[in-house]
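Here is the structure we will look at, set down as structure tokens.
The values are calculated or read from the model by the stated rules, or taken from the named source; none is laboratory data. Just so we're clear, the structure is a prediction, and the values are computed from it rather than from any experiment. Cβ sites come from the backbone with ideal geometry, for glycine too, and all protein chains shown count toward neighbours. In case anyone asks, the SASA skips ligands and DNA or RNA and just uses the protein heavy atoms, side chains included. Shrake-Rupley method; radii C 1.70, N 1.55, O 1.52, S 1.80 Å.
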Amino acid sequence: MPNPGLVLIFNCGSSTLKFAVLNPFSGEEHLSGQADALGSSGAVLKWRHDGEDHVRQLSPSDDFESVMGGLVDKLDGPWSDLKTRLVAIGHRVVHGGEQFADSVLIDQEVLVAIRSCCELAPLHNPAALQGIQVALIAFPQLPQIAVFDTAFHQGMPDYAYLYALPYRLYREHHIRRYGMHGSSHRYIAERAAELQGKPITETNVISAHLGNGASVAAIKGGQSVDTSMGLTPLEGLVMGSRCGDLDPGLLLHLGEALDYSLAELEQLLNRESGLFGLSELSNDCRELEEAMENGHKGARLALEVFCYRLAKYIAAYSIPLRRVSALAFTGGIGENSAWVRHRTIHWLSALGYQINRERNEATRFGAEGLISKAGTVDIFVIPTREDWVIARDAARLASGER
Ligand code: AMP
């Protein structure tokens, strides 16, 4: 078998850096790693190479540049067998605004366009740009590709992406719904079609990506036609510590009656709400399930609100899809929490959704498969592979294919 090229992937968050080396054809992972809590005394680097796990404490002065520098040194030294096979570098970029409906080869013009989207994603895009700049210097010989979370949703119709605000806010400031988790939703739609043995053009899939961040997408014939996140990742579902949908008048009330500043609102909505805020215990679904089993009322309430909101979104997506062919659960919660899946489907029984208890319990911890054989909709659990989508796009664009 020929030696296929490999792709190096970077995913830079505000204080985290994830990297991986993948075979874009098979999805096989040769290396993966994550630097967490960068800039703090708890900074740590974990990586897995050739099936072995490693951990190293980092110093608070370590940043993207030093962690990526360490990676380059390894690729020049003991991991040179990987480096010689690299054909491209793929970067995850959260916000591509209206300028990117697909992944792109990075050049100066693309960098300017990504920079212009920073005000739409102030926590995410600057970190991605920083990672790209370091990688351009470290790997000047390799094509670098940007893969946007928003790109998959760029085909949404205007009646789905517009807010009912004065139109000039859209025209002059690009204020609209963009959606995120695009690489994950795209993978789920493609995989659901494969599992159903149908061409993707003949499928109508609802993809529920439920992790610390969570969103649902309605995908008609492989194209996203609606999704629950909006201008920012705050809109839509209940999340780990984000509130999801709110009455916008509530923000005025908090500002006027309770004197919240903009910074306090940002903190409240992004970090103190969601499962964490409701349960007064944790943002972590696994911990909440354990607490609920031990009688913690807040944990139960938080999980109930989570599932009820999710069920309402799934039901609403019957409108653009008309005849839903599959519902797929993914993300840390979607892949592992049989309770959340069961409770959500229970709400949807009026629409013909049914779940098989044994299959639901059995399909966890990385397993993939059908958890409903009855009812009108095939319900799947599909472990997501955003990194593979990035690797595939990077390899495709590096080879000159459009
Ligand atoms: P992610 O952001 O995709 O890594 O997902 C993180 C979420 O998945 C957290 O809320 C975890 O508690 C949840 N999760 C991971 N494993 C399990 C599990 N076995 N049962 C329930 N939730 C889980």
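Summary of computed values
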{"quantity": "Only listed residue being open to solvent by less than 40 Å² (accessible area, probe 1.4 Å) and within 25 Å of residue 224 (Cα to Cα), chosen from 316, 328", "calculated": "328"}
{"quantity": "Residue pairs meeting the criteria (Cβ under 7 Å; at least 6 apart or on separate chains; first at positive phi, in segment 278-297; second more than 8 Å from the ligand (Cβ to nearest atom))", "calculated": "280/298"}
{"quantity": "2 or more residues closer than 20 Å to residue 137 by Cα: qualifying strands (runs of 3 or more DSSP E) within segment 5-75", "calculated": "6-12, 17-22"}
{"quantity": "Of the criteria (1) open to solvent by 50 Å² or more (accessible area, probe 1.4 Å); (2) not in a loop (DSSP other than H, G, I, E, B), which one residue 395 fails", "calculated": "(1)"}
{"quantity": "Breaking point among (1) more than 15 Å from residue 288 (Cβ to Cβ); (2) among the polar types (S, T, N, Q); (3) open to solvent by less than 30 Å² (accessible area, probe 1.4 Å), for residue 337", "calculated": "(1)"}
{"quantity": "Any hit, segment 318-325, residues being touching a Ser or Thr at 6+ places or on another chain (Cβ under 9 Å) and within 13 Å of the ligand (Cβ to nearest atom)", "calculated": "no"}
{"quantity": "Selection from segment 89-102 of residues that are open to solvent by less than 10 Å² (accessible area, probe 1.4 Å) and on the phi < 0 side of the Ramachandran plot", "calculated": "89, 90, 91, 93, 95, 96"}
{"quantity": "Listing of strands (runs of 3 or more DSSP E) fully contained in segment 135-243 that carry 1 or more residues being within 16 Å of the ligand (Cβ to nearest atom)", "calculated": "204-210, 214-220"}
{"quantity": "Filter result for residue 335 (on the phi > 0 side of the Ramachandran plot and touching a residue at least 12 places away in the same chain (Cβ under 8 Å))", "calculated": "no"}
{"quantity": "Members of segment 277-299 that are more than 21 Å from the chain's Cα centre (by Cα), within 14 Å of the ligand (Cβ to nearest atom) and either charged (D, E, K, R) or open to solvent by 40 Å² or more (accessible area, probe 1.4 Å) (or both)", "calculated": "278, 281, 287, 289, 290, 293"}
{"quantity": "Test: residue 129 is hydrophobic (A, V, I, L, M, F, W, C) and in contact with a Cys (Cβ under 8 Å, 6 or more places away or on another chain)", "calculated": "yes"}
{"quantity": "Any hit, segment 243-262, residues being within 19 Å of the chain's Cα centre (by Cα), of a type in the set (Ser, Thr, Tyr) and either modelled with pLDDT under 95 or open to solvent by less than 70 Å² (accessible area, probe 1.4 Å) (or both)", "calculated": "no"}
{"quantity": "Answer from 369, 334, 274 - the residue that is closer than 28 Å to residue 220 by Cα and within 11 Å of the ligand (Cβ to nearest atom)", "calculated": "334"}
{"quantity": "Filtered residue count, segment 343-365, keeping only those that are in contact with a helix residue (DSSP H, G or I) (Cβ under 6 Å, 6 or more places away or on another chain), within 16 Å of the ligand (Cβ to nearest atom), of a type outside the set (D, E, K, R) and over 21 Å from residue 203 (Cβ atoms)", "calculated": "1"}
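Yes or no, residue by residue, for (1) under 14 Å from the mean Cα position of the chain (by Cα); (2) under 28 Å from residue 382 (Cα atoms); (3) open to solvent by 50 Å² or more (accessible area, probe 1.4 Å):
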| site | (1), (2), (3) |
| --- | --- |
| 114 | no, no, no |
| 122 | no, no, yes |
| 138 | no, no, no |
| 150 | yes, yes, no |
| 181 | yes, yes, no |
| 209 | yes, yes, no |
| 214 | yes, yes, no |
| 217 | yes, yes, no |
